[in-house]
Ligand code: FAD
Ligand code: DLZ
Ligand code: SF4
């Protein structure tokens, strides 16, 4: 019979003092286990900066816990006894500490949830798995919301979340009379835009040690460590949050869809890495954004847009992940099988929009939403790239990427692999959209106004190729009625020109070497 303290494993993206596994615990009767393990650092070949961020934040969190009086058993990656897996390390810790039970907060990923379920039978002590209360909508509530609905649209979910949290509400009515100010959030790349910089943090001794280790051990992973400045502590995350609220939130709304070459963060928050790690509380962040509006420091359309991303999109995406897994990982509703092009890793393409998006991804482990959706994602959709290969890429390259948030965005939002369970239509767009929302096209080798031929913007012919290719599946979608009517009205000659142009371009795509994403 084991009589030791309760063992509380805390995973790398559970770095919150109010994590549910600690809620009813006291330091004198609890042993916290944190594990750097090869299984997590290499199950995909994460961007170097993503690994550095997570390991540095974990080490800082262990310090924070110790300062708050908790006992932490911290297993480092370079510990010679490290077994390399969560299960191996929890098993070893159980043998070491003979705890009377294991108490853990549910993980963010299906893969790890299966691992934890196994602990119930393989470990010689009782294992309790608690819900992750850092999300505002419990999964049980989400499943109930989804049950029996024919259409699971984010907008309806979002309105319920507004009512539930009271954010931007006046009684039971939305502040300003409208739920959604998206139509006022469509500013393009105006000439004199000068977005204030995001907060960046000089690496301290802990971070420097991790950066050195990552540079050595993961040298052949994608991405650069040169610009590393992500917040790795709660105090830094608070500073990054305040910097955003004060300097960028006021214009966040208007320019949230705009792209400017070299302006890698625009007016976005750049807070997703800290939120997903647990360094920032999403509801607290939304309440602070609301205060900015109530105090007259940020306009309603900016604050509503920001809050919608978090209590709307983020929560909805997480609910959809657990609703649709495990099938979502293999879904391929549009039968897309083309391999991922090599330029997603190298940035080596004459398409300026894509090369700039890959560059910021490599330099910062970050691209903002509209780059992920309407450039990188749109291209993958139009070119018919395999959802599993695209999902692997997104999971590798972004500092904020965990499968629960990456996969629904990739497979469902951009690639329509779920046949429209999440989004009523694919976000397919030709070059005209990118030209309107960015300054990329002015300095591109391709001509965005040209529809076909070798110097025409590839997005133009690919757009029609995509619609034609998927007419059986998408041709009756009411939200695509207009483009399909245009396609059907086109002369055979024009259609053939689009088709040939797209095919000729697709022929030129070099497939990526296997091994970039998974060993
Ligand atoms: P902002 O634009 O300032 O938005 C504020 C916050 O809203 C974000 O920090 C994030 O927490 C939340 N948010 C906004 N949109 C979404 C969304 N669609 N899903 C979930 N949360 C959202 N986000 C991730 O956190 N991890 C991912 O792996 C990820 N993969 C994506 C893949 C694709 C194909 C697309 C289209 C989007 C993806 N997103 C992902 C969502 C979004 O692009 C990022 O959350 C955002 O770019 C993060 O930067 P930010 O903090 O500056 O966000
Ligand atoms: C992503 C990641 C990486 C790179 N390394 C670790 C690690 O060494 N230890 C750890 O606890 N977590 C790590 N993580 C985050 C986990 O992959 C994440 O907690 C699970 O995917 C569940 O969401
Ligand atoms: Fe991208 Fe086409 Fe514009 Fe070039 S012309 S930047 S490929 S949208």
Item to check | Ordering of 102-111, 416-425, 87-96, 200-209 by burial proxy (mean other Cβ atoms within 10 Å per residue, highest first) | outcome: 102-111, 416-425, 87-96, 200-209
Checklist outcome for this item: Assertion target for 143, 505, ordered by fewest C-beta neighbours within 10 angstrom first, is 143, 505
Next on the checklist: Taking R0 as 41 Å, what FRET efficiency do you get between residue 95 and residue 332 from their Cβ-Cβ distance, rounded to the nearest 0.05?
Outcome noted: 0.40
Next on the checklist: Give me 357, 137, 286, 457 sorted ascending by neighbouring Cβ count inside 10 Å, so fewest comes first.
Outcome noted: 137, 286, 457, 357
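So how much slack lies between residue 476 and residue 490, counting 0.36 nm per residue of separation and subtracting their Cα-Cα distance, in nm? Each step should come with its number before you reach the end.
Details: separation 14, 0.36 × 14 = 5.04 nm, distance 1.77 nm.
Here the answer is 3.3 nm.
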Next on the checklist: As I understand it, the value is the acute angle between the Cα axis of helix 352-364 and the longest principal axis of the Cα atoms of the chain; what does it come to in degrees, rounded to 10?
Outcome noted: 10 degrees
Next on the checklist: Highest mean first, how do 150-159, 46-55, 327-336 rank when packing is the count of other Cβ atoms within 10 Å averaged over residues?
Outcome noted: 46-55, 327-336, 150-159
Checklist entry - Roughly what angle does helix 315-324 make with the longest principal axis of the chain, taking Cα atoms, 0 to 90 degrees, to the nearest 10? => result 90 degrees
Next on the checklist: On C-alpha positions alone, give me the angle between the axis of helix 205-217 and the longest principal axis of the chain, in degrees, nearest 10.
Outcome noted: 60 degrees
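Restricting the count to DSSP beta bridges whose residues both fall in the chain, what percent are antiparallel, rounded to a multiple of 5? Intermediate values should be presented prior to the final figure.
On the way: 3 of 23 bridges.
Taking every DSSP beta bridge with both residues in the chain, the antiparallel ones total about 15 percent.
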Checklist outcome for this item: The simple spin-label model distance between residue 143 and residue 120, using points 7 Å out along Cα→Cβ, in nm, is 1.2 nm
Checklist entry - Full extension from residue 164 to residue 455: what is 0.36 nm times the residue separation minus their Cα-Cα distance, to one decimal in nm? => result 99.5 nm
Item to check | residue 425 versus residue 348: modelled label distance in nm, points set 7 Å from Cα along the beta carbon direction | outcome: 3.8 nm
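Please give the FRET efficiency for residue 235 paired with residue 283, using the beta carbon to beta carbon distance and R0 = 25 Å, rounded to the nearest 0.05.
Numbers: r = 20 Å, r/R0 = 0.78.
Working from the Cβ atoms, E equals 0.80.
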Checklist entry - residue 133 versus residue 71, label points 7 Å from Cα toward the beta carbon: distance in nm? => result 2.5 nm
Checklist entry - residue 186 label point, 7 Å along Cα→Cβ, cut-off 18 Å on backbone N: hits in the stretch 248-289? => result 252-259
Checklist entry - Among 353, 444, what is the fewest-to-most ranking by other Cβ atoms within 10 Å? => result 444, 353
Next on the checklist: Quick check: residue separation of residue 202 and residue 445 times 0.36 nm, minus the Cα distance between them. What number comes out in nm?
Outcome noted: 83.7 nm
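Express the relative contact order of the chain as a whole percentage, based on alpha carbon pairs under 8 Å and six or more residues apart in sequence. It would help to have the intermediate numbers written out before the result.
Working: 833 pairs, mean separation 87.4, N = 519.
Averaging sequence separation for qualifying contacts and normalising by length gives 17 percent for the chain.
No value in this document is a laboratory result; all are computed from the given coordinates. This one's a predicted model, so the numbers in the text were calculated from it and none came from an experiment. Heads up, the Cβs are rebuilt from the backbone with ideal geometry, glycines too, and the neighbour counts pull from every protein chain shown.
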